[in-house]
Amino acid sequence: MTSAQEQTLGFQTEVKQLLHLMINSLYSNREIFLRELISNSADACDKLRYRALESDALYEGDPELRVEIEFDHDARTVTIRDNGIGMNREDVIANLGTIARSGTAEFLKQMSGEQQKDARLIGQFGVGFYSGFIVADEVVVRTRLAGTAQDQGVEWRSKGEGEFTIVDIERAAHGTEIVLHLKEDALEFADEHRLKGLVRKYSDHIEVPVRMPTVQESEDDTEVTVTWETVNEAQALWVRPRTEVTDDEYKAFYKHVAHDFSDPLTWSHNKVEGKLEYTSLLYVPSRAPFDLYQREGARGLKLYVQRVFIIDDAEQFLPLYLRFVKGVVDSNDLSLNVSREILQQDPQVEKMKGALTKRALDMLSKLSKDSDAYQNFWNQFGGVLKEGPAEDHSNREKIGGLLRFASTHTDTSAQNQSLADYVSRMKEGQQGIYYIIADSFNAARHSPHLEIFRKKGIEVLLLSDRIDEWLMTHFTEFDGKSLIDITRGDLDLGDIDSEEEKQAQQESAKAKEGLAERFREALGDQVQEVRVTHRLTESPACVVLPENEMGYQMRRLMEAAGQPVPEVKPILEFNPDHALVARLESSEGEAFTDLAHVLFDQAVIAEGGQLDDPAAYVRRLNAMLAH
Ligand SMILES: Nc1ncnc2c1ncn2[C@@H]1O[C@H](COP(=O)(O)OP(=O)(O)OP(=O)(O)O)[C@@H](O)[C@H]1O
């Protein structure tokens with residue numbers, strides 16, 4: 001190492017992969033590099049302003065936060081400079097050599113060849129600083145952390161080919177300067193009009209001024225004066241009245257706050273006055289981030305207090321089931337030195353959370369009027385919204401209105417039927433909203449439990465997401481109707497069955513009492529009860545769970561997670577009109593026992609369950625087939 005501590009380091013594997021993907025997939029979108037770098041500079045200015053609240057000295061006498069952009073056509077460079085927080089050597093190595101976001105490696109690995117060319121996929125990941133390499137074949141960063149000595153500057157340079165070099169430098173100014181050495185085919189960016197156009201297009205809404213120099217030569221060419229002109233509007237977007245902000249501006253701002261490439265699906269911008277004063281701007285993204293289901297995934301709103309940026313990812317303002325919502329909340333009441341810990345206990349924050357939750361749900365409910373857009377939302381985030389009824393009792397009904405399900409009404413796996421739709425199709429005398437939960441859509445759709453419902457034309461919701469059982473244990477009523485699991489307890493179709501039908505059912509149950517008893521004896525303690533059913537029209541038998549037992553899906557999930565599950569004995573129901581049941585009734589001895597077991601085992605299999613002794617099932621079935 002030299003005295004200036006020159007060091008050449010390799011990029012983390014993920015960075016190499018990302019660079020490679022980015023250069024390929026973002027080629028036609030490459031102007032976004034400027035947005036990304038300005039966005040980082042604006043964040044760095046926000047951070048300095050926040051830190052300087054405690055110590056003015058951090059401004060080092062230069063409190064006018066700004067971003068500057070320059071270009072040099074002959075040298076083929078574009079420079080983006082800020083007087084924000086800056087970085088020290090450690091920061092530079094950590095931030096510009098690795099990707100800290102957990103789960104990145106898996107995300108990149110899982111992308112197929114086709115997906116790698118899809119700019120939106122890479123975009124959802126947020127390419128940030130590295131986007132400089134789309135237009136540059138060398139990037140040089142000079143930076144110094146505000147408040148450190150002038151000899152603590154750092155220079156980072158890389159050609160984006162696997163390694164970077166850093167060296168200590170003297171740097172009078174704090175903050176960061178990024179010099180892009182443009183590729184041959186990217187020289188168009190070394191141009192005043194092009195750059196100004198991009199700044200206005202992407203960065204108007206950022207509060208920090210973005211400036212560009214105008215160079216004027218005196219008439220005799222001896223003097224040059226440089227004046228800096230602010231190119232963007234430089235006003236925080238959420239402060240402006242709603243009526244004055246265009247859709248394009250809202251979209252551009254979204255990309256800055258959410259670090260997303262795609263347009264948002266919708267947004268809601270509100271100023272609240274009264275006891276609590278705050279402004280919120282909430283967005284629904286059109287695409288789920290890859291770490292939506294990861295515990296460490298980024299979530300929450302960007303918190304400002306009186307226009308001063310305080311923290312990213314403030315989770316305290318929205319419940320977890322709305323973690324996909326992005327945006328800004330700017331409070332007039334919170335103190336500027338509020339911390340995450342204080343936020344957790346502040347009753348005002350709790351109130352704001354309640355109000356913002358309502359806003360977010362209202363925004364979704366508005367979005368649901370546009371069925372295509374809403375379907376897009378549901379396909380991306382429905383699984384998260386399904387966590388809602390368990391987490392947020394008070395808004396259950398509202399959340400219920402936003403849920404979408406697959407149903408026997410359409411018989412496709414698309415989750416696009418609302419409960420309101422279902423209710424409007426309910427039959428006269430129908431007791432509630434019927435549903436079935438299975439491990440897969442096909443298992444649900446073909447379950448024997450549906451036979452009677454199909455015959456009578458009664459709609460059943462077909463649930464097969466992992467979270468569905470969890471959802472339904474917390475979601476038991478909608479619009480005054482109860483939600484009924486058709487695989488549990490006694491099946492009572494209420495007034496849909498006529499008096500004659502009910503009578504016939506009772507009579508056949510009575511007539512088959514003897515058979516039920518023999519059946520139960522043959523199965524021993526595998527079942528808690530055997531009884532006649534009227535659920536089935538085609539299958540000989542099915543298993544039913546007692547009303548309050550944990551469902552099969554949840555049991556299997558818990559088992560897979562190695563958790564103990566209470567033992568449950570199912571109820572076996574048989575179809576008195578089925579030929580196999582008639583055959584059972586006329587059998588004796590071993591033939592009876594074998595057929596009884598086969599019928600039971602089949603019912604378990606049809607439920608998606610595992611047999612205790614699969615070999616015994618095969619042996620019995622084969623013996624019967626051979627006869
Ligand atoms: N101009 C800058 N001044 C100070 N720090 C910066 C600057 N640009 C980048 N950084 C640091 O480098 C980190 C990585 O930047 P990068 O753009 O790659 O990702 P990001 O902004 O954190 O998130 P995203 O990937 O979502 O854009 C930033 O979080 C920040 O700490």
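Each value in this text was obtained by applying a stated rule to the coordinates, not by laboratory testing. All values derive from a computational prediction rather than experimental measurement. Cβ placement follows ideal geometry from the backbone for every residue including glycine, while neighbour counts extend to all protein chains displayed.
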Set Lys and Arg Cβ to +1 and Asp and Glu Cβ to -1, take the dipole of the chain about its Cα centre, and tell me which of 93, 360, 539 lies farthest positive. 539
Which of 467, 178, 342 has the fewest Cβ neighbours within 10 Å, and the rest in rising order: 342, 467, 178
Taking the Cβ of residue 556 as the centre, find all other residues whose Cβ is under 11 Å away and add up their charges (Lys, Arg: +1; Asp, Glu: -1). -2
Provide the percentage of antiparallel DSSP beta bridges, counting only those with both residues in segment 404-495; round to the nearest 5. 40 percent
Taking the Cα centre of segment 6-230 as origin, sum charge times position over the Cβ atoms of Lys and Arg (+1) and Asp and Glu (-1), and report the length of that vector in debye to the nearest 20. 1200 debye
Given Cα pairs under 8 Å that are at least 6 residues apart, what percent is the relative contact order of the chain? 9 percent
Antiparallel bridges, percent of DSSP beta bridges restricted to the chain (to nearest 5): 80 percent
Projected onto the charge dipole of segment 136-202 (unit charges on the beta-carbon of Lys, Arg, Asp and Glu, signs +1, +1, -1, -1), the Cα from 199, 146, 166 with the largest positive-side position is that of 199
Per its Cα gyration tensor (rounded if a/c is under 1.5, else prolate when a/b beats b/c, else oblate), segment 65-208 is best filed as oblate
Amide H neighbours of residue 272 under 5 Å, at least 5 residues apart or on other chains, H built in the peptide plane: list them. 278, 279, 280
Name the shape class, rounded, prolate or oblate, that the alpha-carbon gyration tensor gives for segment 358-432, where a ≥ b ≥ c are the square roots of its eigenvalues, rounded holds for a/c under 1.5, and otherwise prolate holds if a/b is larger than b/c and oblate otherwise. oblate
Counting other Cβ atoms within 10 Å, which GluC sites (Glu not before Pro) in segment 191-256 have at most 14 and lie in a DSSP loop? 219, 223
How large is the dipole of the chain about the Cα centre if only Lys and Arg carry +1 and Asp and Glu carry -1, each at its Cβ, rounded to the nearest 20 debye? 940 debye
Per the helix-only model, the chain has a calculated mean residue ellipticity at 222 nm (DSSP H runs of ≥4, -39500 (n - 2.57) each, divided over all residues, rounded to the nearest 500) of -11000 deg cm²/dmol
Mean Kyte-Doolittle of at least 1.0 and a Cα length of 27 Å or more along the axis: which whole DSSP H helices of the chain meet both? none
Note down the magnitude of the dipole of segment 237-378 about its Cα centre, charges +1 on Lys and Arg C-beta and -1 on Asp and Glu C-beta and zero elsewhere, to the nearest 20 debye. 220 debye
Taking the Cα centre of segment 237-378 as the origin and placing charges on Cβ (Lys, Arg +1; Asp, Glu -1), which of 306, 282, 339 is farthest toward the positive end of the dipole? 282
Within 10 Å of each residue's Cβ, count the other Cβ atoms and sort 35, 466 from fewest upward. 466, 35
Less than 29 Å apart at the alpha-carbon level, and either on another chain or at least 8 residues along: which lysines does that give for residue 456? 427, 481, 502, 510, 512
Compute the FRET efficiency between residue 6 and residue 228 as 1/(1 + (r/R0)^6), taking r as their Cβ-Cβ distance and R0 = 25 Å, and round to the nearest 0.05. 0.15
